[in-house]
Amino acid sequence: AIELSEKKIASTNASLNMAQEAYENATLKAPFDGEVIGVYQKVGEMISPGMPVIYFGTSDDLKIVADVDEEDISMINEGQGVEISFDSYLGVTVKGKVTKISLGGTEFQGVVTYDVDIDFEASKDMNILPAMTCDIEIVAEEIKDTIFVPSDYIFEEEDKYYINLLSEKNKKVKTEISIGYESEDYTQILSGLEESDKISKE
């Protein structure tokens, strides 16, 4: 009878330990101090692994997480400068820096993107809050002492690039140029154009 009681006690202790472990696993613990900003699930709802339950954070040490397309991620490196414009503060630019690049990509509708962490320091009079949206420009390469012109001023003929210069009599003079770096809106001119030249669209 004593041996049977000991087995029951051992079984009860094992069940208690399993119940305590299950209870601890059901408790969400934050890795840092902060506050609950949003709740995504309700008590009694079924959730799947990876589904967000709460939105937890702090405004003391905010960072920006940007989705960078796989076509551009090769140009991004840690330490690069970033110019940030928050939708809530039009006309104000904040400086930042790339601090981390995710090694794993995320695919959505056939497009693969990578998370890029950006640290920044806003002025004290800016009330930057979690979940705010912003536009960023990562300085992938800095080119000094060069000429950039709007790309739509340049035209191509027979694999050569040209631009229209304005003469002293405001006449268009078709001039061959050599181009370098091209951004979305501007193109670098390597030769064929001087800083004092006036240009015109085709």
Sum of -39500 (n - 2.57) over DSSP H runs of 4+, divided by residues of the chain (222 nm, nearest 500): -4000 deg cm²/dmol
Length added when fully stretched, ASN17-GLU35, from 0.36 nm per residue minus Cα-Cα: 3.4 nm
Packing rank of 184-191, 71-78, where each peptide gets the mean count of other beta carbons within 10 Å, highest leading: 184-191, 71-78
Degrees between helix 2-25 axis and first principal axis of the chain (Cα, 0 to 90, nearest 10): 20
When each of LYS63/LYS100; LYS144/LYS172; LYS169/LYS198; LYS100/LYS124; LYS95/LYS124 is checked by Cα-Cα distance, pairs over 20 Å: LYS144/LYS172; LYS100/LYS124
GNM flexibility winner over the chain from GLU107, GLU157, GLU137 (Cα, springs under 10 Å): GLU157
Net length gained if the chain between LEU28 and GLU142 were fully extended (0.36 nm per residue, minus Cα distance): 36.5 nm
Segment 62-138: C-alpha gyration tensor shape, a/c 1.5 cut-off, then a/b vs b/c: prolate
Convex hull of segment 115-177 built on C-alpha atoms - directionally averaged projected area, nm²: 9.4
Extension gain, LYS95 back to GLU184 (0.36 nm per residue minus Cα-Cα distance, nm): 29.9 nm
Angstrom value of the Kirkwood radius, inverse mean 1/r, which spans all Cα pairs in the chain: 23.1
Within segment 55-125, trypsin sites (Lys or Arg not before Pro) in DSSP loop having at most 11 other beta-carbon neighbours inside 10 Å: LYS124
Measure of compaction for segment 147-200 (Cα Rg per 2.2 N^0.38 Å): 1.06
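No value in this document is a laboratory result; all are computed from the given coordinates. Everything numeric here is computed off the predicted structure, so don't read it as measured data. Cβ atoms come from the backbone with ideal geometry, glycine included; neighbour counts cover every protein chain shown.
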